[in-house]
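Since the structure comes first, as structure tokens, the remarks are kept for the end.
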Amino acid sequence: MERSAGILLAISSLPSKYGIGSFSKEAYRFVDWLRSAHQSYWQILPMGPTGYGDSPYQSFSTFAGNPYFIDLDTLVDQGLLTDRECREIDWGDDGRYVDYRTIYEGRYPILRKSYERWKMTDSMEFSMFMDENKEWIYDYSLFMAVKDSLGGISWTEWPQDIRNRQPDAVQQMQIKLADEIHFQQYMQYLFYTQWNALKSYANKNHIRIIGDIPIYVAMDSADVWAHPELFRLDEDRRPYEVAGCPPDGFSETGQLWGNPIYDWELNRQTGYSWWIARMRHSYKLYDVVRIDHFRGFDEYYAIPYGEETAVNGKWKKGPGMDLFRNIEKALGKRDVIAEDLGFVTDSVRKLVHDSGFPGMKVVEFAFDVRDTGAASDYLPHNYIRNCVVYTGTHDNETLIGWWSSIDQRSRDMARDYMAAHYTPDRLINVPFITLAMRSIADLCIIPMQDYLGQDNKSRMNKPSTVGDNWRWRTISDDTDDDLAEEIGSLTLMTGRSKM
């Protein structure tokens, strides 16, 4: 990567009159705004269909797209909906936060209405889409159709014959649910058609897209249902063990994520064909892929299934470089960002180094007086060029929120380091952003909330909590010309402009 800069903003956080960001004119406007601010990258969060908890990191599929992001105005322009039909639906009344329950109740009925009009047409483009995505679209659409017909329950609770994909049961469901299956395929067709157009526009304007994929897939996903052999499951399709993180200074009982663990030996025997397909698909969507929890490829933390905490888990050896050599052999060299945050051992550092992928640095992590002082890997004077620096990520507090939560010693340490003794607290985001942009790191990504100087009311996610995450949104006035000029000036000054 060349020296450059970008902004982190989820698709869901774009402005919208329909309650959640989408591939709308506002998305194209944001691309224009990024270019005017001399940015080269737009980093987004995973775009898969979400369920319980609304987390993009717990999706019903690693290949499918979220129907929430389909732009309804485009469907109006295509004659599949009317403006009045869209306006009659309650999309929520808070421009700053997504109301997922309201979105769920309104989005699928209106998309169904457009489908009823569309299905009377004969679309060559749809046939081509189905052929190009045959590796996953048939399994996914059947999975979602069956799930909806059974009230949304997890596939692990389905009747045994369809749970275990017995051929007769699959065939019966394909016949019984044919129209619902077709509807699911239609929504994916819309998603990918609209996303491809937006990405093409971004690339033409010299904006590259950084996508984000979790290392693990959700247990209740089409991926596990269709490919149980790739995971450590027993004969009843229950996991032997699940993923998580061990206890640390932030959590006495660790983190119990609940994702099924890969059977890495079987994956190796297949030449990692599923992973290669996953990465090939990801590079159709994105220019750069950030892989979450990269340390799990070196060692992963496995917790016996049924445990209530992560205390009794064990570290086990992952596939290491063997996986990435196979991916590179199949796909060639591709741009990857390795999320190597948290508990990092020498072995993990070696994997990141051997892969050649840039790791991550987070400025907020640099000023913890409990840490190693001047030796902290997160202090900019210890960076190398081949890394990506963030002020924070989607899992962190905003800069302003973080500043208000840390102790005075940490504040003093930060002010001393930045020579920012006279900067008022309400503007403290500015020297932190400048510090990151001035660093030697090849790429600097700043969350939109930090450029806006917003507090923790705008935090995207608080790990290990549910109910109030993934909701924050921008409004159109946030991305004005003045802010673009300020960001552009800083980007030029720090040698990160590619214009």
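The values are calculated or read from the model by the stated rules, or taken from the named source; none is laboratory data. Everything numeric in this text was worked out from a predicted model, so none of it was measured. Cβ: placed from backbone, ideal geometry, glycine included. Neighbour counts: every protein chain shown.
Filtered by the rule that a residue be of a type in the set (D, E, K, R), under 30 Å from VAL170 (Cβ atoms) and without any contact (Cβ under 8 Å) to a residue 12 or more places away in the chain, the stretch 217-262 gives ASP234, GLU235, ASP236.
Among the residues of the stretch 267-319, which ones are more than 25 Å from PHE343 (Cα to Cα) and among the charged types (D, E, K, R)?
The first filter runs over the stretch 267-319 and keeps only residues more than 25 Å from PHE343 (Cα to Cα), leaving 267-274, 276-287.
Selection gives ARG268, ARG278, ARG280, LYS284, ASP287.
For the stretch 323-340, filtered to residues that are assigned to a loop (DSSP other than H, G, I, E, B) and without any contact (Cβ under 8 Å) to a residue 40 or more places away in the chain, the residue that is farthest from ALA436 (Cα to Cα) is GLY332. Do we find that GLN58 is crowded, with 24+ Cβ neighbours inside 10 Å and either polar (S, T, N, Q) or within 20 Å of ASP468 (Cα to Cα) (or both) in this structure? No.
Listed conditions (1) over 18 Å from PHE30 (Cα atoms); (2) assigned to a loop (DSSP other than H, G, I, E, B); (3) in contact with a Gly (Cβ under 8 Å, 6 or more places away or on another chain) are all met by CYS444, apart from (2).
If you go through the stretch 178-225 and keep only what is of a type in the set (S, T, N, Q), closer than 14 Å to MET130 by Cβ and more than 20 Å from the chain's Cα centre (by Cα), you end up with GLN184, GLN185. Number of residues in the stretch 88-101 that are over 22 Å from the mean Cα position of the chain (by Cα) and at pLDDT 95 or above: the value is 4.
Table: residues versus (1) in a helix (DSSP H, G or I); (2) surrounded by 14 or more Cβ atoms within 10 Å (Cβ to Cβ); (3) touching a strand residue (DSSP E or B) at 6+ places or on another chain (Cβ under 8 Å).
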site	(1), (2), (3)
ILE89	no, yes, no
ASP94	no, no, no
ARG101	yes, no, no
ILE110	yes, yes, no
ARG117	yes, no, no
LYS134	no, no, no
PHE143	yes, yes, no
VAL146	yes, yes, no
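When you look at THR465, is it part of a loop (DSSP other than H, G, I, E, B) and over 22 Å from the mean Cα position of the chain (by Cα), yes or no? Criteria not met by THR465.
Please verify whether ASP71 is of a type in the set (D, E, K, R), touching a residue at least 60 places away in the same chain (Cβ under 8 Å), within 25 Å of LYS113 (Cα to Cα) and touching a helix residue (DSSP H, G or I) at 6+ places or on another chain (Cβ under 8 Å), treating the condition exactly as stated. Yes: the conditions hold for ASP71.
Looking at ASP292, ASP298, just one residue is closer than 13 Å to SER355 by Cα, crowded, with 18+ Cβ neighbours inside 10 Å and among the acidic types (Asp, Glu), and that residue is ASP298.
Using the structure shown, decide if ARG280 is within 29 Å of LYS204 (Cα to Cα) and touching a helix residue (DSSP H, G or I) at 6+ places or on another chain (Cβ under 9 Å). In short, yes.
Where in the stretch 19-87 are the helices (runs of 4 or more DSSP H), entirely inside, with at least 2 residues that are among the aliphatic types (A, V, I, L, M)? Working first, answer last.
Working: elements: 25-36, 72-77, 83-87.
In the stretch 19-87, the matching helices (runs of 4 or more DSSP H) lie at 25-36, 72-77.
THR434 meets the conditions (1) within 26 Å of SER55 (Cβ to Cβ); (2) assigned to a helix (DSSP H, G or I) in every case but one. The failed one is (1).
Quick check: is even one residue across the stretch 68-79 polar (S, T, N, Q), surrounded by 16 or more Cβ atoms within 10 Å (Cβ to Cβ) and under 28 Å from ASP335 (Cα atoms)?
So the first thing to find is which residues in the stretch 68-79 are polar (S, T, N, Q), and the list is 74, 78.
Cutting the leftovers down to surrounded by 16 or more Cβ atoms within 10 Å (Cβ to Cβ) gives us 74.
Going one step further and asking which of them are under 28 Å from ASP335 (Cα atoms), we end up with none.
For the stretch 68-79, residues polar (S, T, N, Q), surrounded by 16 or more Cβ atoms within 10 Å (Cβ to Cβ) and under 28 Å from ASP335 (Cα atoms): absent.
Out of the helices (runs of 4 or more DSSP H) lying entirely within the stretch 148-254, which hold 2 or more residues that are hydroxyl-bearing (Ser, Thr, Tyr)?
Details: elements: 160-163, 167-176, 178-204, 222-226.
By residue number, 178-204.
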